[in-house]
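Participant: Here it is, the structure in full.
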Amino acid sequence: MNLTLILKLTIKSILNRRFTSYLTILSICMSVLLLLTVETFRKEVKSSFMQTISGTDLIVGARSGSIQLLLYSVFRIGNATNNISWDSYLDIKAHPSVKWAIPISLGDSHRGFRVMGTTQDYFSHYQYAKKQSLVFSNGRPFEHIYDAVVGFDVAKELGYQLGDKLTLSHGMSSTHFARHDDKPFSLVGILKKTGTPVDKTIHVSLEGIEALHVDWRSGVRSRNGISAEEALTMDLQPKQITAFMLGLTSKLSTFRIQRAINHYQKEPLLAILPGIALSELWRIVGVVEKATLVIALFVIFNSFIGLLTVILTSLNERRRELAILRSLGCRPHQIFLLLASESFLFAAIGCVLGFILFIIGSVVAQPLVNQFGLTIPVFSFGLSQQLLIAGILLFSLVIGCIPGYQAYKSSLIDGMSIKL
C-alpha cells in the first residue's frame with residue numbers, strides 16, 4: 001500500500017464520519033484563526049507601541065527616571081518631578097549639533113484630556129510610526145495665543161468642530177475654581193488619527209499656557225484677575241517648560257550630546273533615547289501581550305485534545321475495518337500511517353480554512369482597525385505565522401501517533417473476533 005492509497009483511505013474515512021469530521025475541522029479552523037489573529041495583533045500592537053515617537057533623537061527633562069520621563073513627555077501619563085528653565089532649553093537648542101528642538105509644557109487639562117503647550121515646530125518635526133508627520137484633517141496649526149489644536153479622539157469624543165470654544169482647567173481638576181474660564185481658546189485645527197497619545201492631546205502655544213497663568217500663584221488664582229485682553233499685552237515668554245525633544249544633525253553625535261546634557265552644569269537634566277526607553281517600558285507592559293499568545297496556544301491545544309478524543313473514540317468502531325485491511329496485506333506500520341495521516345489531514349484542512357478566514361477577516365476589519373492606528377498586513381504570512389502553522393502541523397502528527405500506535409498494536413484476530 002503506497003502513500004497515495006493511504007491518503008485516499010484517510011479521506012474516505014473522514015467523509016464516512018462527515019458530521020464529526022466537520023465539527024473537528026471547524027474547531028481547528030477557529031483555533032488557527034484565533035492564533036493567527038492574536039499573533040498578528042500582538043506584533044502590530046508592539047510595533048505601534050515602539051513607533052509611538054519616531055525621528056526624535058533625544059528627549060530631555062528634569063533628572064528622574066527614563067521611563068518616567070518617557071511616560072509624561074510622550075504618553076502624557078503622570079507628571080514631571082521638576083521643570084526645566086527656559087534659558088537651559090535655549091542654551092541646548094543653540095548647540096551646533098542640534099537640528100531642531102520642540103519644547104513642551106504640561107500641567108493643564110480639558111474634560112479629562114491633557115493640554116500640551118508647544119511651538120509650531122511640533123507640527124513640522126514631530127513624527128510617529130515610520131517617520132510619518134502629523135497631518136490635519138481640518139483646520140491649521142495655532143497662530144494666535146488663544147488658538148488650540150486637538151487630536152482626533154478629542155474632537156470625536158467631545159463632538160468638537162472648528163470654531164468651538166474650549167475652557168481649560170488648571171491641573172487635571174475639572175472643578176469650577178480650577179477652570180481658566182476667563183481665557184477661552186478657539187479650536188482652529190483637528191489632527192488626523194495617529195494611533196498615538198497625540199490623538200488624546202489638546203495643543204496650544206507656550207504663550208497661551210503663560211497667558212492662562214499670569215494671574216495664578218502657587219496653583220491658586222489671585223483675587224485681582226487679569227483678563228484675556230490684558231494678558232496679551234504682557235511678556236508671555238515662558239520661564240520654565242516641562243521637557244523638550246531634540247533632532248540632531250547627525251546620528252553619530254547622539255551619545256555625545258546625551259552625555260553632555262546628563263552632565264549639564266546649570267541644572268540637573270536627563271536625556272534619553274526614545275527607542276531604548278520604549279524597549280524598557282515594553283518589557284514591563286509586554287507581559288499582557290505574551291499572555292494573550294499563551295491563551296491562544298491553549299485554545300489550539302484544547303482543539304487537538306478534542307481531535308485526539310474523536311479519533312480514539314472511533315478507533316474501537318473501526319477495529320473490524322482495520323482488521324480487514326490487515327487481512328488484505330496491509331502492514332502494521334501502514335495502519336500506523338493511516339491513523340497518523342488522518343490527524344495531520346484534519347489539521348491541514350483546518351489550517352487552510354483558518355488562514356482563508358483570517359485573510360477575509362483582515363480585509364473586512366481593516367477600516368475598523370485603522371481607527372485605532374493599527375494596520376493588519378493583509379495577505380502577509382510572516383516567519384512567526386509560518387512557524388506557528390508548522391508547529392500546529394507537527395503537533396497534529398504527534399497527536400496522530402497516539403491512535404496510530406493503538407491501531408498498530410491491534411491484531412488481526414482481535415479485529416475479526418468482535419462480537420456484534
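The values are calculated or read from the model by the stated rules, or taken from the named source; none is laboratory data. These numbers come from a predicted model, not from an experiment. We place every Cβ from the backbone using ideal geometry, glycine too, and count neighbours over all the protein chains shown. Each accessible area value is taken on the protein alone, full model and side chains, heavy atoms only, with ligands, DNA and RNA left out. Shrake-Rupley method; radii C 1.70, N 1.55, O 1.52, S 1.80 Å.
Participant: From the square roots a ≥ b ≥ c of the eigenvalues of the alpha-carbon gyration tensor of the stretch 155-271, which class results: rounded (a/c under 1.5), prolate (a/b over b/c), or oblate? Don't skip to the end; give the middle numbers.
Facilitator: Details: a/c = 2.41, a/b = 1.42, b/c = 1.70.
Oblate, because a/c is 1.5 or more while a/b does not exceed b/c.
Participant: Could I ask something else about it? Mind checking which aspartates and glutamates have their C-alpha under 12 Å from Lys46, skipping anything on the same chain fewer than 8 residues away?
Facilitator: Glu289
Participant: When the accessible area of the stretch 77-171 is split by element with a 1.4 Å probe, what percent falls to carbon and sulfur?
Facilitator: Carbon and sulfur atoms account for 47 percent of the accessible area of the stretch 77-171.
Participant: Moving on. What does the accessible area per residue of the stretch 133-237 come to in Å², with a 1.4 Å probe and no ligands, DNA or RNA counted?
Facilitator: Heavy-atom accessible area per residue stands at 48 Å².
Participant: Let me ask something additional. Students often forget the sequence filter, so: which lysines lie under 26 Å Cα-Cα from Lys93 once same-chain residues fewer than 8 apart are removed?
Facilitator: Filter leaves Lys130, Lys131, Lys239, Lys251, Lys266.
Participant: If the label point is 7 Å along Cα→Cβ of Asp235, which residues in the stretch 188-213 have backbone nitrogen under 16 Å from it?
Facilitator: Label zone hits: 207, 210-211.
Participant: Scan around His203 for amide H atoms under 5 Å from its own, H built in the peptide plane at 1.01 Å from N, and keep only partners 5 or more places away or cross-chain.
Facilitator: Met116, Val149, Val150, Gly151
Participant: A further question follows. How large is the accessible surface of Lys192 in square angstrom, using a 1.4 angstrom probe and rounding to the nearest 10?
Facilitator: 100
Participant: Follow-up question, since we're still on this one. If you plug each phi of the stretch 248-264 into the Karplus form 6.51 cos²θ - 1.76 cosθ + 1.60 with θ = phi - 60°, what whole-Hz ³J(HN,Hα) values come out, in order, with x for Gly and Pro?
Facilitator: Per-residue couplings from phi come out as 9, 6, 9, 5, 5, 8, 4, 5, 5, 5, 4, 5, 5, 5, 5, 10, 4 Hz.
Participant: Going by average Cβ density within 10 Å per residue, which order do the peptides 296-308, 201-213, 125-137 take, highest to lowest?
Facilitator: 201-213, 296-308, 125-137
Participant: Just by accessible area at a 1.4 angstrom probe, what is the order of Leu23, Leu312, Leu168, Leu158 from largest to smallest?
Facilitator: Numbers: Leu23 95, Leu312 70, Leu168 0, Leu158 35 Å².
Largest accessible area first, the list is Leu23, Leu312, Leu158, Leu168.
Participant: Report the calculated FRET efficiency for Thr20 and Lys156 (r = Cβ-Cβ distance, R0 = 35 Å), to the nearest 0.05.
Facilitator: Plugging the Cβ-Cβ distance into 1/(1 + (r/R0)^6) gives 0.10.
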